[in-house]
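The values are calculated or read from the model by the stated rules, or taken from the named source; none is laboratory data. Computed from a predicted structure; not experimentally measured. Note: ideal-geometry Cβ built from the backbone for every residue, glycine included; neighbour counts use all protein chains shown. Note: areas computed on protein heavy atoms with side chains; ligands, DNA, RNA excluded. Shrake-Rupley method; radii C 1.70, N 1.55, O 1.52, S 1.80 Å.
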Amino acid sequence: MAVFDQRAASYDKQAWHVRYAERLVELAAPAVGMRVLDAATGTGLAAIAAARAVGPSGHVTGVDISSGMLARAQQSIAAPNVDLLLADASALPRFGDGSFDLVLCSAGLLYLPVRTALEEWLRLLVPNGLVAFSTMRAGFPVAAQLFRDLAAGYGLTLTDPALPLGSPARCRSALTAAGFTPVEEVVETIRFSPADLDQAWEAHTRGPHHAAMTLLSPDQVDEFRTTYTTALAALVRSDPDTTLAPEVIYALARRPATR
């Protein structure tokens with residue numbers, strides 16, 4: 001998990017990550033006293049927002065597979081009602097059935113086996129408990145699509161990691177297949193700043209396409225980086241609205257009262 005550890009120091013410095021997580025919590029609307037699981041908590045952005053909502057009588061458990069991310073989260077979390085756990089968020093046998101009232105996952109399903117994770121979260125929820133996750137719409141961010149398009153010139157065939165959940169219909173289908181009853185899918189845009197895009201190369205090369213990048217030589221990586229950053233700057237100048245405002249999806253569903 002070194003790739004996530006490397007991103008930990010800069011992840012929560014990007015304001016859009018904070019807004020993205022806080023909006024998910026806002027839509028999930030956790031009530032005072034709830035027990036919340038923040039799956040793939042990263043630097044704890046959604047966990048912090050959820051802890052404020054559930055208050056001292058509630059509790060938030062943030063789970064992540066990256067010790068670096070959790071160390072960063074620990075530095076930011078002052079609330080006594082948040083625990084952090086180093087574990088695979090898609091396999092949590094230490095928690096019994098119905099351990100949580102709400103499961104959150106802000107952007108993390110990108111890195112998890114979707115069906116396995118959703119079925120595990122269904123088990124962990126009480127009847128009528130809510131799951132809420134966020135994902136990019138397929139083809140977004142535009143900066144990521146540009147990266148994949150240019151990668152083809154270096155012999156890399158990269159698929160869109162958002163594709164499995166990249167539309168409201170796909171979110172509903174995945175949730176239904178895992179046993180949930182979909183509640184709603186909210187499609188919105190979230191605004192990047194130009195400074196956020198300064199981190200785009202790092203996000204792609206240390207994110208879902210990290211393994212593919214190891215196939216390139218150092219010279220190829222340097223050339224690709226120059227090509228990409230130049231093309232991205234030109235794209236921001238020519239179409240800032242699309243480039244800086246990716247479409248995102250927030251999906252909510254409930255565990256049925258009876259199974």
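Do we find that Leu112 is of a type in the set (A, V, I, L, M), open to solvent by 10 Å² or more (accessible area, probe 1.4 Å) and within 14 Å of the chain's Cα centre (by Cα) in this structure?
Yes: the conditions hold for Leu112.
Go through (1) in contact (Cβ under 8 Å) with a residue 60 or more places away in the chain; (2) closer than 22 Å to Arg254 by Cα; (3) under 18 Å from the mean Cα position of the chain (by Cα); (4) open to solvent by 40 Å² or more (accessible area, probe 1.4 Å) one by one and return the number of the condition His210 breaks.
Every condition holds for His210 apart from (2).
What do you reckon, is Leu86 within 30 Å of Leu197 (Cα to Cα), surrounded by fewer than 16 Cβ atoms within 10 Å (Cβ to Cβ) and touching a helix residue (DSSP H, G or I) at 6+ places or on another chain (Cβ under 7 Å)?
Yes.
Return a yes/no flag: does the stretch 169-185 have any residue that is open to solvent by less than 30 Å² (accessible area, probe 1.4 Å) and farther than 18 Å from Ala117 by Cα.
No, the stretch 169-185 contains no residue that is open to solvent by less than 30 Å² (accessible area, probe 1.4 Å) and farther than 18 Å from Ala117 by Cα.
Only one of these conditions is not met by Pro256: (1) touching a strand residue (DSSP E or B) at 6+ places or on another chain (Cβ under 8 Å); (2) open to solvent by 60 Å² or more (accessible area, probe 1.4 Å); (3) more than 22 Å from Glu22 (Cα to Cα). Which number is it?
Pro256 satisfies all of (1) touching a strand residue (DSSP E or B) at 6+ places or on another chain (Cβ under 8 Å); (2) open to solvent by 60 Å² or more (accessible area, probe 1.4 Å); (3) more than 22 Å from Glu22 (Cα to Cα) except (2).
Quick test of your reading of the structure: Ala234 fulfils all but one of (1) open to solvent by 60 Å² or more (accessible area, probe 1.4 Å); (2) over 30 Å from Leu24 (Cβ atoms). Name the failing condition by number.
The single condition Ala234 does not satisfy is (1).
So which of Ala53, Ala73 ends up being assigned to a helix (DSSP H, G or I) and either crowded, with 21+ Cβ neighbours inside 10 Å or of a type in the set (Asp, Glu) (or both)?
Only one candidate qualifies: Ala73.
How many residues are open to solvent by 30 Å² or more (accessible area, probe 1.4 Å) and under 17 Å from Glu202 (Cα atoms) when one looks only at the stretch 115-141?
Of the residues in the stretch 115-141, 1 are open to solvent by 30 Å² or more (accessible area, probe 1.4 Å) and under 17 Å from Glu202 (Cα atoms).
Restricting to the stretch 233-245, name every residue that is under 23 Å from Arg19 (Cα atoms) and either modelled with pLDDT of 95 or more or among the β-branched types (Val, Ile, Thr) (or both).
Scanning the stretch 233-245 gives Val236, Thr242, Thr243.
Does Ala251 qualify as being buried (at least 18 other Cβ atoms within 10 Å of the Cβ), under 19 Å from Tyr111 (Cα atoms) and touching a strand residue (DSSP E or B) at 6+ places or on another chain (Cβ under 6 Å)?
Yes: the conditions hold for Ala251.
Select from the stretch 29-48 the residues that are of a type in the set (A, V, I, L, M, F, W, C) and open to solvent by 10 Å² or more (accessible area, probe 1.4 Å) and write down the one among them that is nearest to the chain's Cα centre (by Cα).
My answer is Ala40.
Just to verify a result, which residue in the stretch 237-257, among those that are under 24 Å from the mean Cα position of the chain (by Cα) and hydrophobic (A, V, I, L, M, F, W, C), is farthest from Ile190 (Cα to Cα)?
Among those that are under 24 Å from the mean Cα position of the chain (by Cα) and hydrophobic (A, V, I, L, M, F, W, C), it is Ala253.
Any idea which of (1) of a type outside the set (Ser, Thr, Tyr); (2) touching a residue at least 60 places away in the same chain (Cβ under 8 Å); (3) not in a helix (DSSP H, G or I) is the one Asp88 doesn't satisfy?
(2)
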